[in-house]
1. Would you mind getting the Kirkwood hydrodynamic radius of segment 3-90 from its Cα pairs, rounded to one decimal in Å?
2. Specify the angular offset, from 0 to 90 degrees and rounded to the nearest 10, of the alpha carbon long axis of helix 56-65 from the longest principal axis of the alpha carbons in the chain.
3. Would you mind ranking ARG91, ARG56 so that the residue whose beta carbon has the fewest other beta carbons within 10 Å leads the list?
4. Pull out the extension gain between ARG90 and GLU71, defined as 0.36 nm times the separation in residues minus the alpha carbon to alpha carbon distance; nm, one decimal.
5. Relative contact order of the chain: what whole-number percent is it, with Cα pairs under 8 angstrom and at least 6 residues apart?
6. Counting other C-beta atoms within 10 Å, which of TRP54, TRP72, TRP84 has the fewest, and how do the rest follow?
7. Just rank TYR49, TYR88, fewest to most, by other beta-carbon atoms within 10 angstrom.
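What follows is calculated from the coordinates using simple rules that are stated; it is not laboratory data. Because the structure is predicted, anything quoted here is derived from the model rather than measured. Cβ sites come from the backbone with ideal geometry, for glycine too, and all protein chains shown count toward neighbours.
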Amino acid sequence: MTRSSLSVFIHVPRDQTGPVLEKIVAALRPGGVFLVSMRDGDGETSGAYHMSYWRRDDFALCIKQAGLTLEWDAHRVNRDGDGWNTFYARRPE
């Protein structure tokens with residue numbers, strides 16, 4: 001999987017996160033998995049393209065509220081010094 005496909009969810013406006021996650025859950029088979037990386041931070045940016053930032057606990061809560069089971073998450077800092085939170089969640093059987 002390429003970095004861009006793993007990180008595309010950062011372009012979803014924060015107020016649309018819940019509905020988009022619900023559509024993802026509906027598209028997954030029971031037991032299906034969802035892997036996503038989000039930029040660590042608060043708020044949103046606009047300009048050439050939209051970006052949403054999320055703190056680990058806040059996005060983990062969104063995942064759980066959408067009906068997914070969070071199996072693991074990780075935090076890393078890229079070479080540019082940007083923090084990223086990666087989440088691996090599963091739709092219950």
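1. In segment 3-90 this quantity evaluates to 13.2 Å.
2. With both axes taken from Cα atoms, the answer is about 30 degrees.
3. If I rank by nearby Cβ atoms, fewest first, I get ARG56, ARG91.
4. Between ARG90 and GLU71, full extension yields 6.1 nm more.
5. The value is 34 percent.
6. TRP72, TRP84, TRP54
7. TYR49, TYR88
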